Each structure stands twice: as structure tokens, then as C-alpha cells.
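Written below as C-alpha cells is the structure these notes are about.
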Amino acid sequence: MGGRVVVVGSFNVDHVWRCQALPQPGETVSGAYATGPGGKGFNQAIAAQRAGASTSFLCALGEDAGAQLARSLAEADGLDLRDRRSHAPTGSAGIYVDAQGRNSIVIGPGANDDLDPEWIADSATLLASASVVLAQLEVPASTVLAALRAARDGGATTVLNPAPANVACDAQLLALADVLTPNETEFAALARVHLSETFQADAVESLPGAQLHALCRALLPAGSVVLTLGAAGSFVSHAPDRAHGDDAPWYRVPAERVATVDTTGAGDAFNGALAASWATRAQAFAEHVRFAGRFAALSTESHGAAAAMPRRAEVEARFPG
């Protein structure tokens, strides 16, 4: 197919501390420090590019070393980065990773908050010409709304990753998503706000498939929901008349076995790879999900976020067939 992916979202400079256990309130722990590129938008854009799609990334950057890092890394990967210049510092994140690869993250949005709908409007032609437009919620919701509307107007498939979970995702945004990709925490938050259903995030994967499907249909009646479940793989739910080549209206895709060292950015790896596969390969939706899961699994065998994204050839070599 050879279609283009456009990612709208955040860039952050990640400051990462690796420690035996995540610090508890009031506790000080020792850890090894590293820094590198991140931000959900940039992670997903790099993932889409490395997964084989020609990818453009719309973001906002400051006038500082972080911005220079973003531009140089994008150029090295062949990523088409288009940024709104901001007087605020480039976004940043403090990430703590424990010995099991689990993480806790604090984000300083900085320039990301200056990615505004008016600037996005200038990219309407690019958005409308894309095969897939992918967005998250680390930039203003009004900007995401404008981007998804422009994408819909041009006939692009819209993928909304409703992350992070503590950011409100309103009904207008949901209505513009052809595909919604929450993790367990995000799904529990969406169900609480939009469906008045309350359950713990760690209980999501054990819910019966028929119940999960019903919840997904209530949440996104006209689209597909891909619920990522970490080591439990993913759950897919389609609208009755939009199964995208799949035989079943809902199903689970198991996770691949890998030697995980760092889960930072794994969800972003999944989203970028899903968008890339959709844009570049004509196949059943389940195959796109399977590839995205493999791509995300392989990303957890390396440290970092954007830097840990594998390339399509590596994924295909590791998981043939």
C-alpha cells in the first residue's frame, strides 16, 4: 500500500533512573541515570518510521538543546519532523524503572502545551492525505480534536491512543476515533467516566471476553477498540459492520515471550507499529495487531523509549511467520 502515517503529539527529553524498586512516598533510593529522547508522540512516530511507514511528526519544540536533539534524531531516522517553535522549554519527563522493568513517570509538558489547533490547521493538507493519523493526549485536547477532524475530512483512518490515563478524553474525541487503543488503566478510566462502570485496572484482563466486547461497543459503537494488556497480550473488539477483514467480532491476541528489561515506551511501540502496518500492508486487522504486539515485545528487550524501537526487519527475523 505504501501509505503515509502522520503522528500528532509530544516530544520530551527523558531523564531515566533505574533502581531495584520504585521509590515510595518519602523514600530516597539510589539508581543509575541516563537521558534520551521520548514523549508519546515522538516514540510512536519513530516506531511507525522504523516499522516501515513513511512518517511525519507534528509537534512543538522549544529553542534549546532538547529541540536540537529531536531534530537531529528525526533526521537520522528519516522521520519528517515539523515543529511549532515555542518560547517554553522543550518537554521533559522523569522516569523511574525498577528491576522488573516497571516504571513510574512524571512529565513536564513545556512546549508541548503550545501545540495549538491554529498551527495544526496549517497542516490540514498533510493530515488529509495520510493513510493513518495517530494521536495521543500529551498535547492539548483541542489540538488532537483539530487533527482528527482534518484527518477524517480527508478520509484517513484515525487512531487515538487515550494516554496518559489521567488526561480527560471526552466524547468528541472518542467520536473521531476509528481505532481506540487504551491499556488497562486507560480503559478503566474511560469506562468509569463514559459508562459509569467501575473496576480496577488489574482486573481488566480477567474479564470475560463477551463482557469486554460489550464494554468496548458501548464506549466506541462505530469503531474498533484494541485493548493492550501487557504480558497478557491484547483484546480486539470491532463494530458489527467494520471488522476490517477479521472473521470474529472480538478476540484475544497473546503476547510473545521475550526477555523484558524495560517496558518504557512499549505502548507507544505498539501504537506506532499498528499505524505503520495498517498504512503499508493490505491484510486482516488481526495481522496488524499481531505485528504490533511483536514489535512492542521486542522493544522491551532494550532500555529507553524512542531509542528502544526495533526495525521491521528485526521483528520479522525474531518472529517469523
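The values are calculated or read from the model by the stated rules, or taken from the named source; none is laboratory data. What you see is a predicted model, and the numbers here were worked out from it, not measured in a lab. Neighbour counts run over all protein chains shown; Cβ positions are idealised from the backbone, glycine included. Accessible surface is based on the protein model in full, side chains and every heavy atom, while ligands, DNA and RNA are left aside. Shrake-Rupley method; radii C 1.70, N 1.55, O 1.52, S 1.80 Å.
Binning every alpha carbon pair distance of the stretch 201-305 at 5 Å from zero, what are the percents per bin? With a bin width of 5 Å, the distribution comes to 2, 13, 22, 23, 21, 12, 6, 1, 0.
The trypsin sites (Lys or Arg not before Pro) found in the stretch 1-106 include none that occupy coil by DSSP while having at most 10 further C-beta atoms within 10 Å.
By how many nm would the segment from V106 to L195 grow when fully extended, if each residue of separation counts as 0.36 nm and the alpha-carbon distance is taken off?
Separation in residues times 0.36 nm, less the Cα-Cα distance, equals 29.2 nm.
Give the relative contact order (percent, whole number) for the stretch 187-321; include only Cα pairs under 8 Å separated by 6+ residues.
This gives 18 percent for the stretch 187-321.
Just the protein heavy atoms count here, and of the accessible area of the stretch 77-129 at 1.4 Å, carbon and sulfur take up 49 percent.
Stretched out straight at 0.36 nm per residue, the stretch from A232 to D202 would grow longer than its current Cα-Cα span by 9.7 nm.
Protein heavy-atom surface of the stretch 147-254, 1.4 angstrom probe: 52% of the accessible area is carbon and sulfur, with nucleic acids and ligands not counted.
For the stretch 230-321, trypsin sites (Lys or Arg not before Pro) meeting the loop criterion (DSSP other than H, G, I, E, B) and having at most 12 other Cβ atoms within 10 Å: R257. S86: accessible area at probe 1.4 Å, nearest 10 Å²? Counting only protein heavy atoms, the figure is 0 Å². A probe of 1.4 angstrom, applied to the heavy atoms of all protein chains, finds I105 with accessible area near 90 square angstrom. Here the stretch 227-285 and the stretch 108-178 have alpha carbon centers that stand 20 Å from each other. In the chain, the convex hull through the Cα atoms has an average projected area of 15.5 nm², a quarter of its surface area. Take the Cα of R82, step 7 Å toward its Cβ, do the same at A65, and the gap between the two points is 3.0 nm.
Once the 1.4 Å probe is applied to the protein heavy atoms, the stretch 105-263 comes out at 43 Å² accessible per residue. Computing FRET efficiency as 1/(1 + (r/R0)^6) for E118 and A171, where r is the C-beta to C-beta distance and R0 is 25 Å, gives about 0.60.
Taking label positions 7 Å along the Cα-Cβ direction at both S302 and V29, the computed distance is 2.5 nm, reported to one decimal. Computed from point charges on the beta carbon alone (+1 for Lys and Arg, -1 for Asp and Glu), the dipole magnitude for the chain about its Cα centre is near 600 Debye.
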